[in-house]
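Notes follow the structure.
The values are calculated or read from the model by the stated rules, or taken from the named source; none is laboratory data. Remember, it's a predicted structure, so these values are computed and weren't measured experimentally. A quick note on method: Cβ atoms are made from the backbone with ideal geometry, for glycine too, and the neighbour counts reach across all protein chains shown. Each accessible area value is taken on the protein alone, full model and side chains, heavy atoms only, with ligands, DNA and RNA left out. Shrake-Rupley method; radii C 1.70, N 1.55, O 1.52, S 1.80 Å.
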Amino acid sequence: MVQLQSDLKKLEDVGVRIVAVSYDSVEVLARFAAEKKITFPLLSDSESKVIESFGILNKEATGRTAGIPYPGTFLIDSQGVICAKLFLDGYKERHATDELIKAAADLK
């Protein structure tokens, strides 16, 4: 998320709007956003309902009551339609900003 914040202007300049969803509580997300100076929306899905409905609940991960999602990126158009799904194998890896920009451009 910190890298997305660093590249936020670059993403917005090509029409990409960032919204992050996490199983963390509103309080945890607010603290994280303040600490890391995150300005895009961080949405709490504390019961993992969205995570489950998107089919990205990692049922193998343990230690969390809410359920850990597979990390990834969904590109959603202005009508709310999922146009692309970008996922990597490792939970610590994330797509680079240029990869997100390319994926968004490929949809146009």
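Okay, here's what the table says:
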read-out: Which numbered condition Lys85 fails, given (1) out of contact with any strand residue (DSSP E or B) (no Cβ under 7 Å at 6 or more places or on another chain); (2) of a type in the set (Lys, Arg); (3) surrounded by 12 or more Cβ atoms within 10 Å (Cβ to Cβ); value: (1)
read-out: Residue that is most open to solvent (accessible area, probe 1.4 Å) [pool: residues in region 6-20 that are closer than 28 Å to Gly55 by Cα and without any contact (Cβ under 8 Å) to a residue 40 or more places away in the chain]; value: Arg17
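The rows are residues; the columns are (1) at pLDDT below 85; (2) of a type in the set (D, E, K, R); (3) farther than 19 Å from Arg17 by Cα.
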{"residue": "Phe32", "(1), (2), (3)": "no, no, yes"}
{"residue": "Ile38", "(1), (2), (3)": "no, no, no"}
{"residue": "Leu43", "(1), (2), (3)": "no, no, no"}
{"residue": "Gly55", "(1), (2), (3)": "no, no, yes"}
{"residue": "Ala61", "(1), (2), (3)": "yes, no, yes"}
{"residue": "Arg64", "(1), (2), (3)": "yes, yes, yes"}
{"residue": "Tyr70", "(1), (2), (3)": "yes, no, yes"}
{"residue": "Cys83", "(1), (2), (3)": "no, no, no"}
{"residue": "Lys92", "(1), (2), (3)": "yes, yes, yes"}
